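J.: Have a look at this one before I ask anything.
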Amino acid sequence: MQALLASPSLRASLPSARPSLPSRGLVALAAPAARARPLRCGPRDTMEALARDEMLNAVELEQWESGKSANDIAACQGIRIRRHGRPAASMDDIQAEMGAPRNILEKIIWDKEIEVAQGLARCPLNEVIESAGKAPPTRDFYGALAAAHKRNGVPALIAEVKKASPSRGVLRENFDPVEIAQAYEKHGAACLSILTDEKYFQGSFENLQKVRKAGVKCPLLCKEFVVDKWQIYYARVMGADAVLLIAAVLTDLDIKYFLRICKELGLTALIEVHDEREMERVLAINGVQLIGINNRSLETFIVDTSNTKTLLEKHGDAIREKGILVVGESGLFNPDDVAYVQNAGVSAVLVGESLVKQADPGLAIAGLFGKELVH
Ligand SMILES: O=C(O)c1ccccc1NCC(=O)[C@H](O)[C@H](O)COP(=O)(O)O
């Protein structure tokens, strides 16, 4: 019998998802050879496909069999964000067991685990999967970036619809997501990023859905803190063409598994890295098309655009050989900032604050690039 690591999402649904998953948590499945029927597109089949594609790593299997907790496995990959795995508990009880969150990103993730459990209770996974299968076709997020970069001769723009953030507070009081999205599209944004986290960014999945239903044509990134596959299916249902997967939060197996789900749903995955270790991890994963280099540390809020230059000086050749597009994210305010990351090797930029806080976010785009962008 082929033992298969519990998928990240399955792990999240187990009673002790992260703190300590006993080796009995291994899920024994029929040896792939024994399966006669073709692969269905359900999560269990995705897990079998995962195993069949030998995306699993013997080291990871050994770690699980050694009884290491999922948090220990994550820590072995340099991940500093822990999971509590107790979505039904109060934050007080969680903190009594884990101590206070070490930084804002860990706090966001601890809240997200609880939110996802509430979402699952509200809209069970099988229903979301069924709805995702009926959603209109996705738009080509990756292709839109590549085309815009070629058309304009500057990095393609992913313009972010963001009302507030932990580091900057409220950016725009008068916040109409559809109005902002339409202004961005009118002035040449290739794609849009829509914040869907409510507690820390005052965003929502409803904003994503409104923008999609308003007739905005450019592809939409669901800017969410993904910790479970339910969020990917739900993003698809609510109108996303791409989702964000954050390497600082997700293990290699999480990313491999979620990449496969994105592929099945026709979604582009933007894999976000911030440091050397995360870049090396992500470049070792097959199927990555789009890497975002965040100049902002999501743990300290420090923004340093030289981060993009440093990472691309070392890894640019490998990235180009793989045909991966790179998105420079955060802290871009003027043409010099854009030129700096362009010279470093990015094909696109993701920009929020410097646009959304302007009186006319659409008009601000020409100011950011020093020229009008063409469609
Ligand atoms: O922006 C924050 O304060 C923040 C805190 C914790 C996690 C994520 C956070 N921001 C997400 C982003 O990275 C930005 O929204 C995005 O890259 C755009 O950055 P900017 O142009 O500087 O608004």
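The values are calculated or read from the model by the stated rules, or taken from the named source; none is laboratory data. Since the structure is predicted, the reported quantities are computational estimates derived from the model, not experimental observations. Don't worry about glycine lacking a Cβ; one is built from the backbone with ideal geometry, like all the others, and counts go over all protein chains shown.
J.: Within 16 Å of the ligand (Cβ to nearest atom), among the hydrophobic types (A, V, I, L, M, F, W, C) and either under 18 Å from PHE205 (Cβ atoms) or buried (at least 20 other Cβ atoms within 10 Å of the Cβ) (or both), is that true of ILE79?
T.: Criteria met by ILE79.
J.: Please count how many residues of the stretch 324-341 are surrounded by fewer than 20 Cβ atoms within 10 Å (Cβ to Cβ) and either more than 30 Å from ILE285 (Cβ to Cβ) or away from the ligand (no atom under 13 Å from the Cβ) (or both).
T.: 7
J.: Name the residue, out of LEU267, LEU259, LEU312, LEU298, that is on the phi < 0 side of the Ramachandran plot and within 16 Å of the ligand (Cβ to nearest atom).
T.: Checking each option against the conditions leaves just LEU298.
J.: Taking VAL27 as the residue in question, decide whether it is modelled with pLDDT under 65, away from the ligand (no atom under 16 Å from the Cβ) and touching a helix residue (DSSP H, G or I) at 6+ places or on another chain (Cβ under 8 Å).
T.: When the stated conditions are applied, VAL27 passes them.
J.: Tell me, yes or no, whether the stretch 159-179 has at least one residue that is more than 13 Å from the ligand (Cβ to nearest atom), buried (at least 21 other Cβ atoms within 10 Å of the Cβ) and either touching a residue at least 40 places away in the same chain (Cβ under 8 Å) or polar (S, T, N, Q) (or both).
T.: No, the stretch 159-179 contains no residue that is more than 13 Å from the ligand (Cβ to nearest atom), buried (at least 21 other Cβ atoms within 10 Å of the Cβ) and either touching a residue at least 40 places away in the same chain (Cβ under 8 Å) or polar (S, T, N, Q) (or both).
J.: Looking only at residues in the stretch 99-109 that are within 13 Å of the ligand (Cβ to nearest atom) and not basic (Lys, Arg), which one is nearest to PRO166 (Cα to Cα)?
T.: Looking at the filtered set, the residue picked out is ILE104.
J.: Just to be sure before I move on: is GLY203 under 16 Å from the mean Cα position of the chain (by Cα), away from the ligand (no atom under 16 Å from the Cβ), surrounded by 19 or more Cβ atoms within 10 Å (Cβ to Cβ) and not in a helix (DSSP H, G or I) in the structure I sent?
T.: no
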